[in-house]
1. For the modelled label position 7 Å from the Cα of ASP65 along Cα-to-Cβ, which residues of the range 176-196 have backbone nitrogen atoms closer than 18 Å?
2. Under 5 Å between amide H atoms, partner at least 5 residues away or on a different chain: which partners does LEU166 have, H built in plane at 1.01 Å?
3. Could you pull out every one of the aspartates and glutamates with an alpha carbon less than 19 Å from that of LYS95, ignoring same-chain neighbours closer than 8 positions?
4. If you bin the C-alpha pair distances of the chain every 10 Å from 0, what whole percents do you get?
5. With +1 assigned to the C-beta of every Lys and Arg and -1 to the C-beta of every Asp and Glu, and no other charges, what is the dipole magnitude of the chain about the Cα centre in debye, to the nearest 20?
6. Evaluate the distance, in nm, between pseudo-label points positioned 7 Å from the Cα of VAL91 and of ALA148 along their respective Cα→Cβ axes.
7. Name the lysines eligible as straight-distance cross-link partners of LYS33: C-alpha to C-alpha under 20 Å, and not fewer than 8 places from it in the same chain.
8. Between THR18 and MET173, how high is the FRET efficiency from 1/(1 + (r/R0)^6) when r is the Cβ-Cβ distance and R₀ = 30 Å? Nearest 0.05.
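Read-outs throughout are calculated quantities, based only on the coordinates presented, and are distinct from any laboratory measurement. Predicted, not measured: the structure shown is a model, and the values here were computed from it. Every residue, glycine among them, receives a Cβ derived from its backbone with ideal geometry; neighbour counts consider all protein chains shown.
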Amino acid sequence: KGGDGFLLHFIRMVYAGTQEGVDYCQVFLDEMKECVAQGKGYGPKEKYRLISLFTFLPGMHQLIDWMEQAGATLVAEPMYHFYDESELAKVDPSKPLEALARFFYLEPYHGYYGPFEVYKDMIISDAIESGVDGAVNFFNSNCRMTGAVARTIKDQLKEKVGIPTLTVDVDVMETSPAVEADLKKQLEQFFLILDS
């Protein structure tokens, strides 16, 4: 489901090294493998393949359901899923404490804190590998990490991947119906751009 990267990120952070965390992630992995084996996606239809450039709005997952009904699927969330495979290969499960420390260090989220080249390369690579049609960037302009480079990332995605980006300045803790209505309006306009 779209936005699951956000959920799994916090499950990994809170339940890392616990049996509950392992059990949840194993069930999640098994469900994903089954969907892949059946060639089945998680959205009802897929018209727009999107990359999410920042944390999806907490408490507004009904917006993801609405997007999926409109045919917009978040197929990539680099800040949660784009691991450096060469570093990941160094994790040794026989050394559990060291493995937990390495996993924390390897968390893709950390790329968003800099340097900029790491952040940019992670997004560009994930956009290319995922074959996305566009990008959505729900971010807080007061965020010093991603807010400062929103325009640069938008330009890079246009230049290197050839896709448009919808950049929306939001208060990530505001979940009022008025905000949801405004976001839907902006997304509908973005879908029209993707259609053309």
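1. From the range 176-196, the list is 176-185.
2. Long-range HN contacts for LEU166: ALA135, VAL136, ASN137.
3. By straight Cα distance, LYS95 reaches GLU85, GLU87, GLU107.
4. Per 10 Å bin, starting at 0, the Cα pair percentages come out as 8, 33, 37, 19, 3, 0.
5. 300 debye
6. 2.9 nm
7. Partners within reach: LYS1, LYS45.
8. Working: r = 28 Å, r/R0 = 0.92.
After rounding, the FRET efficiency stands at 0.60.
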